[in-house]
1. Is it fair to say Val54 is of a type outside the set (Ser, Thr, Tyr), surrounded by fewer than 19 Cβ atoms within 10 Å (Cβ to Cβ) and closer than 18 Å to Asn194 by Cβ?
2. Working only within region 151-194, note down all residues that are free of Cβ contacts under 8 Å to residues at least 40 places away in the same chain, aliphatic (A, V, I, L, M) and either buried (at least 23 other Cβ atoms within 10 Å of the Cβ) or not in a loop (DSSP other than H, G, I, E, B) (or both).
3. When you look at Glu6, is it loosely packed, with under 15 Cβ neighbours inside 10 Å and either among the β-branched types (Val, Ile, Thr) or not in a helix (DSSP H, G or I) (or both), yes or no?
4. Please name all residue pairs, on different chains or six or more residues apart, with Cβ atoms under 6 Å, provided the first residue is in region 123-141 and is without any contact (Cβ under 8 Å) to a residue 24 or more places away in the chain and the second residue is among the β-branched types (Val, Ile, Thr) and outside any strand (DSSP E or B).
5. If only one of Asp55, Asp70 is assigned to a loop (DSSP other than H, G, I, E, B) and charged (D, E, K, R), which one is it?
6. Taking the stated definitions as given, is Arg127 among the charged types (D, E, K, R) and either farther than 30 Å from Asp37 by Cα or assigned to a strand (DSSP E or B) (or both)?
Amino acid sequence: MSDVFEIAVDPEIRAIVRPVVWRTGVVHVVDRDARMDASLASAAAAMRVAPEPVDVITAVRTMYKRLGIDPTKTRPSSEALLRRVRKGDVVPRINSLVDVINWTSLESQLSFGLYDAAAIRGAVTVRRGRDGEEYAGIRKDTVHVGGRLVLADELGAFGNPTSDSARTMVTSVTTEAVVMIYAPAGVADAVAENARRLTIQRIDQFCRTVE
């Protein structure tokens with residue numbers, strides 16, 4: 001069962017992003033769930049031929065620009081995934097929970113963050129990254145987040161709409177996660193809410209602990 005996860009939003013960015021965030025409740029994460037194979041392949045095929053959701057993509061890019069970031073050089077994770085799929089790549093498989101998030105992010109074109117709840121410390125804030133702020137990335141040595149939109153706890157920044165940190169990454173030993181949709185202020189609330197509901201539905205279907 002999913003639950004609310006309280007975060008603070010820095011006043012400076014309240015007009016730029018309206019985050020949607022929740023706890024997953026107890027999950028069962030496996031390296032690969034074959035039940036998703038056909039659905040992910042179908043989603044990728046559909047996104048290769050469907051018209052791009054221009055309104056959402058534009059709103060996400062505008063969110064970046066309002067923070068002083070060029071979205072063509074530092075791409076939102078959602079758009080980067082769409083570009084890969086449209087070039088013929090498959091949806092990357094990481095583990096069952098990450099795969100669900102990538103699936104919904106691809107279709108909604110909203111950038112998501114996914115974090116192991118056990119690795120988060122203290123109060124969490126959405127804010128602009130501080131000068132020189134950085135963290136160890138999941139697939140990169142260092143992610144520099146100064147000036148960028150970040151999610152941070154008492155240990156510092158651990159996520160942003162382009163790439164998340166190794167410290168809070170979800171693995172097969174994760175038992176509860178926090179999901180964040182970095183919804184731009186320019187996107188209708190219903191769009192983000194639909195993405196949230198679809199994500200919860202898919203987590204319930206593929207990532208719940210087996211009784």
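Coordinate-derived values only; no laboratory data. Please read these numbers as outputs of a predicted model, since none were measured by experiment. Neighbour counts are summed over all protein chains in view; Cβ atoms, including those assigned to glycine, are modelled from backbone coordinates with ideal geometry.
1. yes
2. Within region 151-194, Ala152, Ala157, Ala190 qualify.
3. Details: loosely packed, with under 15 Cβ neighbours inside 10 Å: yes; either among the β-branched types (Val, Ile, Thr) or not in a helix (DSSP H, G or I) (or both): yes.
Answer is yes for this residue.
4. Pairs found: Glu134/Thr142.
5. On the way: Asp55 fails: assigned to a loop (DSSP other than H, G, I, E, B).
Being assigned to a loop (DSSP other than H, G, I, E, B) and charged (D, E, K, R) holds for just one of Asp55, Asp70, which is Asp70.
6. yes
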